[in-house]
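Report on the following structure.
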Amino acid sequence: MKRIFFISRLVMGLFAALITSSCENDLLDKQPLDIISDKSLWSDPALIEAYISQQYAQTPTLIQDSWELSTGNFGKNLGGPFYFNSLSDESKNNWTLGSSGPAGFKNGGLRIGGGLSEYWDLGYRTIRQLNEIIERLPSTPLAASVKKNRLAEARFLRAFNYFSLVKRYGAVPLITKVQTLEDSKETLSPVRDSEQRIYDFIIAELDATIQELPETYAAADYGRPTKFAALSFKSRAALYAGSIAKYGTVQLNGLLGIPSSQATSYFTKSLEASKAIVSSGRHSLYRADADRVKNFRNVFLIKKNPEAIFVVTHNNGLVSAGNPWTWDYGQSPKPHPIDQGNINAPYLEMAEAFEYVDGKSGKLNYDEIQTGLWSAADLWKNKDPRFYATLYTQDTQWKGTAVDFHDGLITSTGQTITSGSFGGVLARGIQQGNQGNVTGFGVMKYLDETTPLVTFLSNSTTDYQVFRYAEILLNLAEAAFEIGNSADALDAINQIRNRAGIAPHTTISIERIRQERRVELAFENHRYWDLRRWRTAVRDLSINNSALRYILDFNTKKYRLQVIRNADGTTSTPAFFEFNYYFPINNGRRQANPNLVENPGYN
């Protein structure tokens, strides 16, 4: 069967130049610049390389699990990095992400129609192309060493796409060969393979790629997966499988869930992968800065630091001409080019999750803090340094000025005003702006103060860390504890706490491991999926969290504090149902393929 390949605009320039150079002068003999023939593609090393690169570009789950790319710029480039932060208990959505934003799904809106971070269609389209690459590469003119690496990369990416599918839908069809119109009806309309089989396939593929991928790449190939990226992926995937086996339920005659008897096996595989990374000495926690706050911020700002295991690199080009990342544009405090920013508004409970440096709980006494006047410095003194590096709040320094969330002004006569000004002081701080639903906090992690916010969707050049060493230590701690190895679990957690600058634990528990994971990996797209795999989302994501209101006192320049108990609103309470642990297959897909069985609770 003759095929043509439609090329994304990210690699369009390369294809256009290559094709143009090979065309005859006669205009009528030239081929369209957006299609490549089957023969041309697989016979040209440059085209092959570009086609493989395209698979990275269209695997948006490499950047915080973007939802539908059909939403245009709000897909990978704007929506994805922020979406799951507001679906979790980390933050609320502070302004719209378009018609497919997270608010409705957070409030129990995941039903039979689906629509939440769908990845079925894009995932299988990418898997088909990766299957073709895997089948065709052996007979291409690529050099043997390059061919070996690219085959391993393709298998790594295919496993990544299946991981993105299985953690959403559970059981999915496992397709490892290119389908054609001549295939049987059973092949073209496949049944769902069990959730366990998908995880076993992912782990087996990673075992193979661990043996094939190099430990390092030349600078020009930075961003491709290494052996340690594959080990990191195995550490994560096997940990997920172990959690599902231990905490989940086997359903649909074994299609969903993993038998509890298999939990130890998966936890052991995760632990072994994590230990292989640790013992290699190739990666380590970033510790270059004596200032603990600056050090933790630089984990995410310093490129190619020893903690970064696998990253998505970014440049400062427009969507049509580069690979931008709009984290700075979405999260930065004001002033802002479109009077927005602060897109994820962290809850008060997220701020309280950070302990004090002496190891005491960060939980505030609400009665105490709502009495008298407080300075922000006194309210948040002696917190875990990661608090200041992860969040910004009232009076946080940003680009030479103070972030101002205050909402209300107590005049010199004791009157509280909420609009206008008094004595030249505005009743509402600049961060309130036109939003009016902020929580008193913003996300500092990944923000670069040197980034100029001048052009929509064209700013952040920071690398997004898909896998970093701290996660590996957290995976190690959790897997070790789950199989009864408390000593290794305690040691791994205390390595992270030592780097952070807070008191070590003397004993360890699963609650302490999960707590450490919550603060260390905050706003890195782990929390929502962790609560799902631990099967605690029904409890933890069905809570109306809190906000903190700062009311400025004109005379003292301190603040009266007010805890807002229902930050999500009284009519839109967050709700996560038991059946939401799996996304629906949905009616449209089942009509197209009657062999697909729907997940429980969606009929």
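The values are calculated or read from the model by the stated rules, or taken from the named source; none is laboratory data. Everything quoted here is computed from the prediction, not taken from an experiment. Note that each Cβ is placed from the backbone with ideal geometry, even for glycine, and that neighbours are counted across all protein chains shown.
For the reader, a short list of remarks on this structure follows.
- Pairs where the first residue, in segment 87-100, is modelled with pLDDT under 60 and the second is surrounded by fewer than 24 Cβ atoms within 10 Å (Cβ to Cβ), C-beta under 6 Å, 6+ apart: Gly98/Thr71; Ser100/Thr71
- Counted residues, segment 326-350 - those being farther than 19 Å from Val563 by Cα and among the hydrophobic types (A, V, I, L, M, F, W, C): 3
- The set of residues in segment 500-517 that are in a helix (DSSP H, G or I) and within 22 Å of Lys294 (Cβ to Cβ) comprises Ala500, Glu516.
- Within segment 361-377, the set of residues being loosely packed, with under 12 Cβ neighbours inside 10 Å and of a type outside the set (A, V, I, L, M, F, W, C) comprises Ser361, Lys363, Asn365, Asp367, Glu368, Thr371, Gly372.
- Segment 144-233 holds helices (runs of 4 or more DSSP H) entirely within its bounds, and those carrying 3 or more residues that are surrounded by 18 or more Cβ atoms within 10 Å (Cβ to Cβ) map to 144-169, 195-212.
- Pairs where the first residue, in segment 578-593, is under 18 Å from Gly109 (Cα atoms) and the second is hydroxyl-bearing (Ser, Thr, Tyr) and part of a loop (DSSP other than H, G, I, E, B), C-beta under 6 Å, 6+ apart: Pro584/Tyr602
- Segment 255-279 residues that are in contact (Cβ under 8 Å) with a residue 60 or more places away in the chain and hydroxyl-bearing (Ser, Thr, Tyr), paired with ones that are surrounded by fewer than 21 Cβ atoms within 10 Å (Cβ to Cβ) and not in a helix (DSSP H, G or I) (beta carbon under 7 Å, 6 or more apart): Thr264/Ile483; Thr268/Ile483
- Meets criteria (in contact with a Pro (Cβ under 8 Å, 6 or more places away or on another chain) and crowded, with 21+ Cβ neighbours inside 10 Å) for Leu541: yes
- Residue match in segment 159-166 (condition: aliphatic (A, V, I, L, M), out of contact with any strand residue (DSSP E or B) (no Cβ under 6 Å at 6 or more places or on another chain), under 20 Å from Ser274 (Cα atoms) and in contact (Cβ under 8 Å) with a residue 60 or more places away in the chain): yes
- The selection criterion, being at pLDDT 95 or above and polar (S, T, N, Q), holds for Gln394.
- Only one of Arg535, Arg560, Arg590, Arg549 that is part of a helix (DSSP H, G or I) and either in contact with a Cys (Cβ under 7 Å, 6 or more places away or on another chain) or over 19 Å from Ala103 (Cβ atoms) (or both): Arg590
- Taken over segment 280-307, the criterion of being without any contact (Cβ under 8 Å) to a residue 24 or more places away in the chain and either among the aliphatic types (A, V, I, L, M) or in a helix (DSSP H, G or I) (or both) is satisfied by Ala288, Ala290, Asn298, Ile302.
- Matching entry among Ile410, Ile502 (being modelled with pLDDT of 95 or more, surrounded by 21 or more Cβ atoms within 10 Å (Cβ to Cβ) and within 24 Å of Glu355 (Cα to Cα)): Ile502
- Failed condition for Asp358, given (1) more than 17 Å from Ile502 (Cβ to Cβ); (2) surrounded by fewer than 16 Cβ atoms within 10 Å (Cβ to Cβ); (3) of a type in the set (Asp, Glu): (1)
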